[in-house]
Amino acid sequence: MRVLLITSIVIALAGLVRAQNQATAPQPSPSAPAGNADEGKKLFVSYGCYQCHGREAQGSSSTGPRLGPRPIAFTAFSRYVRRPTGQMPPYTAKVVSDTDMANIYAYVQSRTPPPAVQSIPVLREP
């Protein structure tokens, strides 16, 4: 009887946790506006994004987070660029237009993923 009671409590708690996780899970955002990756690359350099995030948007633990090749959703990306919470300066719409933002996002999305560790000979185990 005691085992049945404990099992029932565990199942109920698991259901509550699952329901809470589903309720707080980020909702899918609308897709990013069309942008031009080539133009975005130029903007990424001209606005100085590369200085903290690297030329390939790969980021660094000492300067700025990785942005690509699979960036966060466009709405979150844009919101953070406009009103950052860290050391990054804000890039308001007066500084970076919505079109420029879409182009920069297209560039970040276009970055190729790094090679798998197993494909780098020097990093393979002997």
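The values are calculated or read from the model by the stated rules, or taken from the named source; none is laboratory data. Owing to the predicted nature of the structure, the values given are computational and were not obtained by experimental measurement. We place every Cβ from the backbone using ideal geometry, glycine too, and count neighbours over all the protein chains shown.
Descriptive notes on the structure:
- Positions within the stretch 98-126 being in a helix (DSSP H, G or I), more than 17 Å from Tyr50 (Cβ to Cβ) and of a type outside the set (A, V, I, L, M, F, W, C), in sequence order: Asp98, Thr99, Gln118, Ser119, Pro121
- Residue in the stretch 93-111 that is more than 22 Å from Lys42 (Cα to Cα) and either touching a residue at least 60 places away in the same chain (Cβ under 8 Å) or out of contact with any Ser or Thr (no Cβ under 8 Å at 6 or more places or on another chain) (or both) present: no
- Scanning the stretch 70-87 for residues that are touching a helix residue (DSSP H, G or I) at 6+ places or on another chain (Cβ under 7 Å) and part of a loop (DSSP other than H, G, I, E, B) turns up just one, Pro71.
- Among the residues of the stretch 22-32, just one is assigned to a loop (DSSP other than H, G, I, E, B), modelled with pLDDT under 50 and among the aliphatic types (A, V, I, L, M), namely Ala25.
- Tally of residues being under 12 Å from Tyr107 (Cα atoms), in contact (Cβ under 8 Å) with a residue 40 or more places away in the chain, in a loop (DSSP other than H, G, I, E, B) and of a type outside the set (Asp, Glu) across the stretch 33-57: 4
- Checked against (1) among the aliphatic types (A, V, I, L, M); (2) out of contact with any Pro (no Cβ under 8 Å at 6 or more places or on another chain); (3) over 18 Å from Asp98 (Cβ atoms), Ala57 passes all but condition (2).
- Taking the stretch 58-69 as the range and being touching a helix residue (DSSP H, G or I) at 6+ places or on another chain (Cβ under 8 Å) and farther than 12 Å from Tyr107 by Cα as the test, the residues that pass are Gly59, Ser60, Thr63, Gly64, Pro65, Arg66.
- Failed condition for Val108, given (1) out of contact with any Leu (no Cβ under 7 Å at 6 or more places or on another chain); (2) surrounded by 14 or more Cβ atoms within 10 Å (Cβ to Cβ); (3) within 17 Å of Glu39 (Cβ to Cβ): (1)
- Failed criterion for Thr85 (all others in (1) more than 19 Å from Val45 (Cα to Cα); (2) of a type in the set (Ser, Thr, Tyr); (3) surrounded by 19 or more Cβ atoms within 10 Å (Cβ to Cβ) hold): (3)
- Screening Thr63 with (1) in contact with a Cys (Cβ under 7 Å, 6 or more places away or on another chain); (2) at pLDDT 95 or above gives one miss only, at (2).
- Subset of the stretch 60-80 (residues that are closer than 19 Å to Val45 by Cβ and in contact with a Ser or Thr (Cβ under 9 Å, 6 or more places away or on another chain)): Arg66, Gly68, Pro69
- Residues that are among the hydrophobic types (A, V, I, L, M, F, W, C) and exposed (fewer than 15 other Cβ atoms within 10 Å of the Cβ) were ranked within the stretch 32-66; the one that is farthest from Pro90 (Cα to Cα) is Ala34.
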